[in-house]
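So the structure is just underneath, and the comments pick up after that.
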Amino acid sequence: MIEDDLRGLLADELDVDVYARLIPPELPECVVVQKIGGRPSTAGIRRTYHTISIMAVSTDREKAGQLMRQARNYLTAHIPADINGTHYYTAVPLADGSLLMKEGRRYVTFVDMEVGASL
């Protein structure tokens, strides 16, 4: 699955834990890869486009933003790539934002990206 593939790609690059799908309930300082949608190609080629969200969690707002930008930039620079038998063509940032989780005063920054992959 795309979340596992991208988590594996980011895990060696970042100095925090990287999770797929869900932020752990204890809200550690981490990065999370989550699939939030997608669409098949309409161009008659065997390709699909996944919409993913890269989320970074920290008690420090600047650190959360730094982690998110580091993950976004790494994916943008290192795709195209072949991971676990799937060829990933592109990783394009779409939009980013942040929110404050009041319980435990954690900042979560995120960027949504469209990732093109072979079927």
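Scanning the range 27-53 for residues that are among the aliphatic types (A, V, I, L, M), free of Cβ contacts under 8 Å to residues at least 60 places away in the same chain and touching an Asp or Glu at 6+ places or on another chain (Cβ under 8 Å) turns up V31, V33. Figure legend. Inter-residue proximity from the range 67-88: first residues at negative phi, second residues β-branched (V, I, T) and open to solvent by 50 Å² or more (accessible area, probe 1.4 Å), beta-carbon distance below 9 Å, spacing 6+ or different chains. Indicated pairs: T76/T90; T76/V92; I79/T90; P80/T90. Against the test of being in contact with a helix residue (DSSP H, G or I) (Cβ under 8 Å, 6 or more places away or on another chain), under 13 Å from V115 (Cβ atoms) and surrounded by 12 or more Cβ atoms within 10 Å (Cβ to Cβ), the options L14, L10 yield a single qualifying residue, L10. Residues satisfying the criterion are absent from the range 59-81 (criterion: assigned to a strand (DSSP E or B) and open to solvent by 80 Å² or more (accessible area, probe 1.4 Å)). The residue pairs whose first member lies in the range 4-26 and is closer than 21 Å to T76 by Cβ, whose second member is open to solvent by 60 Å² or more (accessible area, probe 1.4 Å), and whose beta carbons are closer than 6 Å, counting only pairs six or more residues apart or on different chains, are D5/N84; V16/E29; V18/R7; A20/D4; A20/R7.
Can you work out which of the residues in the range 17-38 that are open to solvent by less than 30 Å² (accessible area, probe 1.4 Å) and in a strand (DSSP E or B) is farthest from S118 (Cα to Cα)? This residue is C30.
The lone criterion from (1) in contact (Cβ under 8 Å) with a residue 60 or more places away in the chain; (2) assigned to a strand (DSSP E or B) left unmet by G104 is number (2). Taking the condition touching a strand residue (DSSP E or B) at 6+ places or on another chain (Cβ under 6 Å), over 15 Å from D5 (Cβ atoms) and open to solvent by less than 70 Å² (accessible area, probe 1.4 Å), does V108 pass? Spelling it out, V108 is indeed touching a strand residue (DSSP E or B) at 6+ places or on another chain (Cβ under 6 Å), over 15 Å from D5 (Cβ atoms) and open to solvent by less than 70 Å² (accessible area, probe 1.4 Å). Within the range 70-97, being of a type in the set (D, E, K, R) and at pLDDT below 95 holds for one residue alone: D96.
The values are calculated or read from the model by the stated rules, or taken from the named source; none is laboratory data. Note that the structure is a prediction, hence the values are computed from the model and not measured. Neighbour counts are summed over all protein chains in view; Cβ atoms, including those assigned to glycine, are modelled from backbone coordinates with ideal geometry. Note: areas computed on protein heavy atoms with side chains; ligands, DNA, RNA excluded. Shrake-Rupley method; radii C 1.70, N 1.55, O 1.52, S 1.80 Å.
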